[in-house]
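Read-outs throughout are calculated quantities, based only on the coordinates presented, and are distinct from any laboratory measurement. Everything numeric here is computed off the predicted structure, so don't read it as measured data. Glycine also receives a Cβ, built like all others from the backbone with ideal geometry; neighbour counts cover every protein chain displayed.
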Amino acid sequence: MKAYITALLAAGLSTSLMVGGASAQTVLRLAENQPEGNPVTEAMHKFADLVKEYTDGEVVVQVFSGAQLGQEPETIEQAQAGIVDLSRVNAVVLANVSPSMGVTTLPYIFSGWDQKYAVLDGDVGDEVRADLADVGLVGFEFMDAGSRSFYTVEGKPVKSLEDLEGLKIRVQPAPISIRMVELLGAVPTPMNYGEVYSALQTGVIDGAENDYVSYQTSGHYEVAPNYVEDGHLSPPAILIMNKAKFDGLPADQQEAISKAAKEAAMFERDAMRAANAEARKTVEAAGSVVTEIDNAPFQAAVAPIYDEFPDLAPLIERIKAVKAE
C-alpha cells in the first residue's frame, strides 16, 4: 500500500489542470486491475469517453488498467483515502469494507441472470450501494463479473464434489469465499490476483476459480487446463468513487458522471456476457477441458454458509423473494 501511495505522490498527479491559463479541468484517476481488452476495462474507457462528452471536457478520467495502481484491496483503500478518485472492483473484495455488499457474493444467491439484475437494479441493490457512504465511497450501477467456477492444474481434474477434497484453491481474500471453499472440502488459499499464475505454475496451489473471461485473459488456462462449470459465485463488479471528491463536484458534473457510469455499466453487462461465451471457445480450442456438472451437491455442501452470516439474513430473504422480470 505504501509503495503505491509513494508512487502516486511522486508522480505529482493532480486532480486539476489549467487549460489555456483560464479555466480548470478536473482530472480523475481510475484504477482498474484487469488488462486492456477485458470487457470491464473497455467499459471503463467508455465511461471516460462519456464523462468527457457529458461535461464538455470539463472532467477527464484517466484509466490506469492492468493493476498499475495496485490490486483491488489496495485500490479500494486508495479510493477511500482519496489517493485515487475511482476504482472498478469486485463485490467480493469490497465486502471486506462494506459488509452488506457480501450478500451479493454468497454462493448460489441468484437463481439466474434475469433474477440477479432484478435484485441489483432494485431496492436491495440500492440499499447495498447506499451503505458505501458509511465507508467514504459512492457506488454506481452494478456491472457483471461473470459466473465463477473452479479450474485446476494438470492431473487434478474436478468432476465431482469429492475431487475437490484437500485441493489448495486460490480464493479472493474475503471471508465468504474462504468459508465457501472450506465447506466444499478444499483448502482456501487467499492471494492477490496477480500472484495466481505463478502459484499455479509452481504448484503452490492446485487450482483457482473465476469466470471464463478472466480465466482466459489472465492466461490461467495455460497452467490449469481443467475447468469445471459449477457456477458457485456470480458476484457483481462495481465502479466506486471517493465520496468527498464526488460531493465536492458541481451538481451538473455529478449528474454527468452518474449518467456515464450507468451507460458504461449497461454496455459492460452485454459485453461481458458475450465475452464469456467467446472466451470459453478460445480456451477449449487451446486444449482446456470444460466439464459441465450437476452442481446440486455443491449447493448442498455450502448451504450452511447462509446461517453463518446472520447480519445478512434480512437481505437474503428479500433476494430470494425477487422474481426475474
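Roughly speaking, what is the stretch gain from Ala324 to Asp134, that is 0.36 nm per residue apart minus the C-alpha to C-alpha distance, in nm to one decimal?
Details: separation 190, 0.36 × 190 = 68.40 nm, distance 3.00 nm.
The span from Ala324 to Asp134 would gain 65.4 nm if fully extended.
Among DSSP beta bridges lying fully in the chain, give the percent that are antiparallel, nearest 5. Intermediate results must be reported in sequence, preceding the final value.
On the way: 23 of 41 bridges.
Of those bridges, close to 55 percent are antiparallel.
Run the helix sum for the chain: -39,500 (n - 2.57) per DSSP H stretch of 4+ residues, divided by residue count, reported at 222 nm to the nearest 500 deg cm²/dmol.
Details: 13 runs with 134 residues, N = 325.
Mean residue ellipticity, 222 nm, calculated: -12000 deg cm²/dmol.
Apply the a/c threshold of 1.5 to the C-alpha gyration tensor of the range 77-224 and tell me whether it is rounded, prolate or oblate.
Values: a/c = 2.09, a/b = 1.61, b/c = 1.30.
Prolate, because a/c is 1.5 or more and a/b exceeds b/c.
Could you state the principal axis extents of the C-alpha atoms in the range 172-325, from the largest down, to the nearest angstrom?
Reported extents, whole Å, longest axis first: 52, 38, 33.
Lysine pairs in the chain with Cα distance under 14 Å, only those 8 or more apart or on different chains: how many are there? Present the calculation step by step, with values, prior to reporting the outcome.
Numbers: Lys46/Lys259; Lys46/Lys262; Lys52/Lys259; Lys116/Lys320; Lys116/Lys323; Lys156/Lys168.
Taking the chain as the scope, the lysine pair count is 6.
How long are the three semi-axes of the equivalent ellipsoid for the range 16-165, computed from the Cα gyration tensor as the root of 5 times each eigenvalue, in whole Å, largest first?
Values: eigenvalues 222, 72, 45 Å².
Gyration-tensor ellipsoid for the range 16-165: 33, 19, 15 Å.
What helices in the chain pass both tests, a Cα length along the helix axis of 27 Å or more and a mean Kyte hydropathy of -1.0 or higher, using whole DSSP H runs?
Details: long enough: 251-285 (50 Å, -0.71).
Helices passing the filter in the chain: 251-285.
Please turn the phi angles of the range 220-234 into ³J(HN,Hα) values with the Karplus equation 6.51 cos²θ - 1.76 cosθ + 1.60 (θ = phi - 60°), one per residue in order, whole Hz, x for glycine and proline.
Those phi angles translate into 4, 4, 5, 10, 9, x, 9, 10, 10, 7, 9, x, 6, 10, 9 Hz.
Sum up the charges of everything whose Cβ sits under 13 Å from the Cβ of Asp311, counting Lys and Arg as +1 and Asp and Glu as -1, but leave Asp311 out. The partial results should precede the final answer.
Working: positive: none; negative: Asp131, Asp307, Glu308, Glu317.
Spelling it out: positives minus negatives among the neighbours equals -4.
Which order, highest average first, do 185-194, 44-53, 81-90 follow once you tally other Cβ atoms within 10 Å for each residue and take the mean per peptide? The partial results should precede the final answer.
On the way: 185-194: 17.3, 44-53: 19.4, 81-90: 23.5.
Top of the packing list down: 81-90, 44-53, 185-194.
Which FRET efficiency value, to the nearest 0.05, is calculated for Asp56 and Met191 with the Förster distance at 51 angstrom and r the Cβ-Cβ distance?
0.70
Distance from a point 7 Å along Cα→Cβ of Ile178 to each backbone N in the range 58-98: keep the residues under 20 Å and list them by number.
71-77, 90-98
Cβ under 12 Å from Ser100's Cβ, Ser100 left aside: what net charge do those residues give with Lys, Arg +1 and Asp, Glu -1?
On the way: positive: Arg129, Arg318; negative: Asp126, Glu127, Asp131, Asp134, Asp311.
Net local charge, Ser100 excluded: -3.
Semi-axes of the equivalent ellipsoid of the chain: what are they in whole Å, largest first, if each equals the square root of 5 times a C-alpha gyration tensor eigenvalue?
Details: eigenvalues 232, 97, 64 Å².
Working through the eigenvalues yields semi-axes of 34, 22, 18 Å.
Return the long-range amide H neighbours of Thr189 (sequence gap of 5 or more, or a different chain), with a cut-off of under 5 Å between placed amide H atoms.
Ile169, Arg170, Val171
Given the peptides 216-225, 271-280, 168-177, arrange them by the average over their residues of other C-beta atoms within 10 Å, most packed first. Show your work: numbers first, answer last.
Numbers: 216-225: 20.4, 271-280: 17.6, 168-177: 22.9.
Descending packing order for the listed peptides: 168-177, 216-225, 271-280.
Need the C-alpha centroid separation for the range 161-188 versus the range 84-116, integer Å.
18 Å
Could you tell me the calculated FRET efficiency between Ala244 and Val289, based on Cβ-Cβ distance and R0 = 45 angstrom, to the nearest 0.05? Please list the in-between numbers first.
Numbers: r = 49 Å, r/R0 = 1.10.
FRET efficiency, Ala244 to Val289: 0.35.
Could you rank the peptides 303-310, 128-135 by their average count of other C-beta atoms within 10 Å per residue, with the highest value first? Walk me through the numbers on the way to the answer.
Numbers: 303-310: 12.9, 128-135: 17.1.
Highest mean packing first, the order is 128-135, 303-310.
What relative contact order, as a whole-number percentage, does the range 95-160 give when Cα pairs under 8 Å and 6 or more residues apart are counted?
On the way: 28 pairs, mean separation 15.8, N = 66.
Relative contact order of the range 95-160: 24 percent.
Once fully extended, how much extra length lies between Asp123 and Lys156, figured as 0.36 nm per residue of separation less the alpha-carbon to alpha-carbon distance?
Fully extending the segment from Asp123 to Lys156 adds 7.6 nm.
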